[in-house]
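Notes follow once the structure below has been shown.
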Amino acid sequence: MRKIPRHRLIGLVFGLLCAAATLALAAQEARDDVGETRDLAARAVGILRTHCFKCHGGSARVRGELVLTSRETLIVGGESGEAIDLESPDDSLLLSAVNYESYEMPPNGKLSDAEIGTLTEWVHAGAPWDGESVESKFDHDADHHPAPPPTVNEETKKWWSWQPVTRPDVPPVESDRARNAIDHFILDRLARAGLKANPPADRRVLIRRAYYDLTGLPPTPVQVEAFVADDSPGAWERLIDELLASPRYGEKWGRHWLDLVRYAESNGYERDDSKPFVWRYRDWVISAFNDDKPYDEFLVEQLAGDEMDQVTPERIIATGYYRLGKWDDEPADPELAWYDDMDDVLATTSQAMLALTINCARCHDHKIDPIPQADYYRMLAFFRNVRRYGVRAHETVVDASVRVIAPEEDQRLFRAERQRWQDKFDETETALEEIEEIVSKDFSPVEREEFQDEMKRVALVRTRTGDLISHEQADEYEAMFNARRELRENPPAALESALCVKESGIEPRETFVLIRGNPQSPSEEVEPGFPSVLSPPEPDIRPTAEGLSTGRRLALARWIANDNNPLTARVMANRLWQHHFGRGLVRSSSDFGFQGTPPTHPELLDLLANELVAGEWRLKRLHRLIMTSASYQMSSAENPRAESADPLNDLFWRFDMRRLTAEEVRDSILAVNGTLNTDQLAGPSIYPVIPDEVLQGQSMPGANWYTSIGEELNRRSVYIHVKRSLPVPLLESFDVADPDSPCPVRFNTVQPTQALGLINSDFLKSQAGAFANELRALAPDDVTGQVTIVLHRVTQRPPTELEIARGVDFINQLTTAGETAETALRHFCLLALNLNEFLFLD
């Protein structure tokens with residue numbers, strides 16, 4: 001074997017070492033490249049997860065058939081084609097969308113430059129994908145596990161609704177249609193989509209729109225004609241101010257708030273007994289809207305009016321907010337019942353005021369939003385000392401939830417009246433107790449328990465008739481029982497009372513996270529705190545000086561109503577827009593979280609929220625801003641091109657038509673026939689006539705329904721007694737709010753029961769009869785004149801000659817067939833009240 005020279009051996013070894021080093025370096029560089037690629041993929045997928053998966057995450061609600069949860073689905077694309085173009089990355093639809101060059105994605109706000117840069121680099125790199133990062137977290141089929149709840153971190157905190165409200169720059173537009181900043185945002189989006197806004201609506205349409213939006217009532221023909229004839233500058237603005245100053249405004253807009261807080265005047269469940277003095281809360285809400293009470297004060301007084309520096313009767317009434325929900329008066333688990341009640345309060349507070357579904361975190365971390373279960377119980381801790389509504393008997397409700405609100409001066413001035421009332425009440429109580437003492441000796445243990453419920457007392461006493469008491473005694477007992485109810489509901493001025501919140505002193509009870517929401521499985525103890533995803537401050541809690549409560553609710557109220565809270569002003573501004581345009585800039589108006597719909601015009605929403613706060617939280621100022629925009633005054637006419645491009649009218653190229661609400665239907669019927677009673681603005685609720693067949697559907701037929709008489713029957717619908725188990729049929733068929741849960745948006749259905757109720761119900765027949773009676777007084781023996789008045793009132797426009805002729809012909813045909821002139825006119829009035837033009841608003 002030939003011997004290799006030493007110097008060559010050294011050189012060979014050196015060469016091998018160099019080659020190995022080169023290979024190692026190459027391998028390391030390859031590993032680095034892989035690491036950088038994986039890092040790039042992770043960052044890009046993280047951006048998609050945060051901003052895109054809500055609408056394109058493989059769930060049942062995929063938008064545009066585009067799924068972004070894998071490289072394969074990106075390449076396949078959706079309705080608009082492939083999302084990434086591997087051969088020409090710069091032409092990728094994904095990149096043009098995030099750059100707002102074609103589509104504007106995400107719609108709730110453009111990504112940052114850094115995020116767009118990451119996605120651009122990623123697409124140019126071939127869209128590498130870390131399969132484990134996403135695929136296993138989306139339930140494409142039964143073999144995959146659902147995504148874990150989102151956590152509170154810097155990424156989830158970037159959600160649009162949790163950012164501070166800022167005043168956006170108003171975009172310039174090349175249009176003479178813009179009347180204020182609102183129009184600039186609307187017209188700018190339409191121009192970028194290649195669409196145009198509808199022309200202005202006719203003045204007759206506008207005045208009808210304004211009247212219903214602000215008062216819930218139709219204008220009279222005289223009011224319409226006066227507005228149409230007024231071509232002076234500022235006529236529209238003067239009309240808006242006039243309607244905002246009307247007492248009818250509070251009745252209309254107070255109803256929107258009552259929907260949100262699930263206002264009802266009964267407790268629900270089997271007995272569904274009435275809540276004492278709850279109508280005062282309704283009247284307080286109506287008065288607050290009429291007085292243009294600042295919205296921040298409006299919220300604070302409801303949440304903590306009794307904890308404020310100056311506690312007034314009105315602020316005590318406002319805390320009736322806590323007593324609007326259902327009440328189980330015989331729960332199997334009293335402790336669990338308290339948590340159920342407070343969960344209802346927390347759900348209502350978070351949804352109505354913050355558009356957060358915090359209640360979804362009661363038993364576990366929120367599945368959709370970054371709200372840990374601990375945050376739920378930190379929020380619940382603000383209410384921990386609130387006493388339950390009552391135990392069972394009426395006396396316990398009075399003790400826990402009723403306070404005398406009469407001023408001391410009234411108590412002094414009306415002392416004699418109070419004494420007379422008290423003597424009469426004591427006399428009635430004594431008469432009742434004498435008979436109760438006789439019959440109670442015969443009660444079984446179950447009957448003794450049932451007797452605590454006042455609604456069952458008369459029936460239990462009557463079962464002893466003939467054995468222990470006479471029929472006369474039973475009748476006397478029922479008469480005294482009803483007399484006591486009347487005395488309770490009509491106390492003297494010195495004893496005026498309100499349903500309100502009460503606490504168990506200033507020493508707060510402990511609050512624990514409950515495993516699966518079970519009070520018997522407490523976990524760690526928590527202190528009051530706000531949702532952590534909002535990066536909130538620590539609550540400033542100070543017990544009340546009177547020693548009646550902890551002061552926790554006031555700390556919560558002041559945080560919610562703070563100028564810097566990112567949600568409160570946005571949520572209310574969105575609700576105002578919703579009730580003027582038919583839908584909010586955020587359609588899910590009580591859910592601004594991950595599952596809600598993003599705003600179609602985020603900058604406009606921020607402008608409105610900013611205006612609300614800058615205007616000292618006055619709502620009427622925001623009404624004026626919205627209604628003086630050209631966008632609000634657009635017509636509802638069709639536009640086939642715009643309809644094809646934007647079928648849901650997301651860009652507001654037209655004004656959406658709507659059907660009248662349930663209350664508007666009833667009130668309009670009374671208004672056009674001249675019987676609406678607008679003189680009474682407040683006071684105990686009214687009880688319309690309800691057919692016996694409907695009353696029989698209750699577990700206790702007719703219980704606590706006292707049919708009103710005379711002019712009381714014709715008061716506005718907002719004053720109708722809201723009994724959970726007994727909705728008024730006409731209102732129910734036209735989608736009145738369900739009082740068992742917060743109602744941010746009414747259903748808007750078209751169903752047979754609506755037509756049947758309008759054409760064949762006793763209420764409509766009686767109102768058509770009242771209409772006919774008035775017509776005969778206004779135009780006696782003048783069928784043409786009668787028909788003209790009917791159609792003019794119902795449609796709020798002069799009828800055409802053809803319409804009048806058809807109406808006269810209708811009446812003549814009926815009389816020819818044998819109907820009396822009175823009956824024929826009544827039938828025509830009934831027909832007019834069923835016209836679509838009466839029931840729908842342009």
Check region 752-775 and report whether any residue there is within 27 Å of PHE828 (Cβ to Cβ), of a type in the set (D, E, K, R) and touching an Asp or Glu at 6+ places or on another chain (Cβ under 7 Å). no
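Conditions tested, residue by residue: (1) among the charged types (D, E, K, R); (2) over 30 Å from ALA347 (Cα atoms).
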residue	(1), (2)
GLU732	yes, no
PRO739	no, no
GLN754	no, yes
SER766	no, yes
ASN773	no, yes
GLN786	no, yes
ILE789	no, yes
THR795	no, yes
GLU801	yes, yes
For ILE286, state whether it is part of a helix (DSSP H, G or I) and over 21 Å from ARG715 (Cα atoms). no
Any idea which of SER644, SER635, SER699 is modelled with pLDDT under 95, of a type in the set (S, T, N, Q) and over 30 Å from ASN482 (Cα atoms)? SER644
Could you go through region 276-294 and let me know if any residue there is hydroxyl-bearing (Ser, Thr, Tyr), touching a helix residue (DSSP H, G or I) at 6+ places or on another chain (Cβ under 8 Å) and open to solvent by 40 Å² or more (accessible area, probe 1.4 Å). yes
Out of (1) under 30 Å from SER287 (Cα atoms); (2) at pLDDT below 95, the odd one out for PRO598 is which? (1)
Which residues, taken from region 453-489, are assigned to a loop (DSSP other than H, G, I, E, B) and free of Cβ contacts under 8 Å to residues at least 40 places away in the same chain? THR463, ARG464, GLY466, ASP467, LEU468, SER470
So which residues in region 590-634 are closer than 17 Å to PHE652 by Cα and part of a loop (DSSP other than H, G, I, E, B), if there are any at all? THR597, PRO598, PRO599, THR600, HIS601, THR628, SER629, ALA630, SER631, TYR632, GLN633
Please enumerate the residues belonging to region 517-545 that are more than 21 Å from ALA361 (Cα to Cα), open to solvent by less than 90 Å² (accessible area, probe 1.4 Å) and either hydrophobic (A, V, I, L, M, F, W, C) or without any contact (Cβ under 8 Å) to a residue 12 or more places away in the chain (or both). ILE541
When you scan region 702-721, how many residues do you find that are touching a residue at least 60 places away in the same chain (Cβ under 8 Å) and more than 22 Å from GLN767 (Cα to Cα)? 2
Of all residues making up region 369-393, the number that are out of contact with any strand residue (DSSP E or B) (no Cβ under 9 Å at 6 or more places or on another chain) and surrounded by fewer than 18 Cβ atoms within 10 Å (Cβ to Cβ): 3
If we keep just the residues of region 671-701 that are under 19 Å from GLU454 (Cβ atoms) and free of Cβ contacts under 8 Å to residues at least 60 places away in the same chain, which is surrounded by the fewest Cβ atoms within 10 Å (Cβ to Cβ)? PRO701
Residues in region 244-263: is at least one of a type outside the set (Val, Ile, Thr), over 26 Å from the mean Cα position of the chain (by Cα) and within 25 Å of LEU612 (Cα to Cα)? no
Working only within region 172-198, note down all residues that are open to solvent by 20 Å² or more (accessible area, probe 1.4 Å), under 23 Å from ARG624 (Cβ atoms) and part of a loop (DSSP other than H, G, I, E, B). VAL173, SER175, ASP176, ARG177, ALA178, ARG179, ASN180, ALA197
Which of the residues spanning region 73-107 are within 27 Å of LEU585 (Cβ to Cβ), of a type outside the set (A, V, I, L, M) and open to solvent by 30 Å² or more (accessible area, probe 1.4 Å)? GLU79, SER80, ASN99, TYR100, GLU101, SER102, TYR103, GLU104, PRO107
Of GLU732, GLU693, the only residue that is in a helix (DSSP H, G or I), at pLDDT below 95 and within 33 Å of the chain's Cα centre (by Cα) is GLU693
Here is a list of conditions, (1) open to solvent by 10 Å² or more (accessible area, probe 1.4 Å); (2) out of contact with any strand residue (DSSP E or B) (no Cβ under 7 Å at 6 or more places or on another chain), and TRP577 meets all of them except one; can you say which number that is? (1)
Being more than 37 Å from the chain's Cα centre (by Cα), at pLDDT 85 or above and either open to solvent by 80 Å² or more (accessible area, probe 1.4 Å) or under 30 Å from TRP284 (Cβ atoms) (or both) narrows it down to one residue among GLU434, GLU496; which is it? GLU434
Please identify the pairs in which a residue from region 299-310 that is under 17 Å from TYR263 (Cβ atoms) and open to solvent by less than 10 Å² (accessible area, probe 1.4 Å) has its Cβ atom under 7 Å from the Cβ atom of a residue that is modelled with pLDDT of 95 or more and part of a loop (DSSP other than H, G, I, E, B), counting only partners at least 6 apart or on another chain. LEU299/ALA561
Restricting to region 437-447, name every residue that is surrounded by fewer than 16 Cβ atoms within 10 Å (Cβ to Cβ) and in contact with a helix residue (DSSP H, G or I) (Cβ under 7 Å, 6 or more places away or on another chain). GLU447
Any residue at all in region 330-338 that's in a loop (DSSP other than H, G, I, E, B) and without any contact (Cβ under 8 Å) to a residue 12 or more places away in the chain? yes
In region 702-711, the residues that are in a loop (DSSP other than H, G, I, E, B) and either modelled with pLDDT under 80 or loosely packed, with under 14 Cβ neighbours inside 10 Å (or both): GLY702, ALA703, THR707, ILE709
Among the residues of region 407-428, what is the count of those that are farther than 19 Å from GLU496 by Cα and open to solvent by less than 40 Å² (accessible area, probe 1.4 Å)? 1
Residues that are farther than 20 Å from LEU576 by Cα, modelled with pLDDT under 95 and surrounded by fewer than 21 Cβ atoms within 10 Å (Cβ to Cβ): does region 222-231 have at least one? yes
Would you list the helices (runs of 4 or more DSSP H) that sit entirely within region 768-842 and hold 3 or more residues that are open to solvent by 20 Å² or more (accessible area, probe 1.4 Å)? 783-795, 801-816, 821-832
Of the candidates ARG658, ARG724, ARG716, the one satisfying the condition of being within 23 Å of the chain's Cα centre (by Cα) and open to solvent by less than 20 Å² (accessible area, probe 1.4 Å) is ARG716
Selection status of ALA355, under 19 Å from the mean Cα position of the chain (by Cα), of a type in the set (Gly, Ala, Ser) and buried (at least 19 other Cβ atoms within 10 Å of the Cβ): yes
Just name the residue that is least open to solvent (accessible area, probe 1.4 Å) out of those in region 448-486 that are hydroxyl-bearing (Ser, Thr, Tyr) and under 26 Å from VAL391 (Cβ atoms). TYR477
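The values are calculated or read from the model by the stated rules, or taken from the named source; none is laboratory data. Note that the coordinates shown come from a computational prediction; the quantities given were computed from them, not determined experimentally. In this analysis, Cβ positions are derived from the backbone assuming ideal geometry, glycine residues included, and neighbour counts consider all displayed protein chains. To get the accessible areas, we keep the full protein, side chains included, count just its heavy atoms, and leave off ligands, DNA and RNA. Shrake-Rupley method; radii C 1.70, N 1.55, O 1.52, S 1.80 Å.
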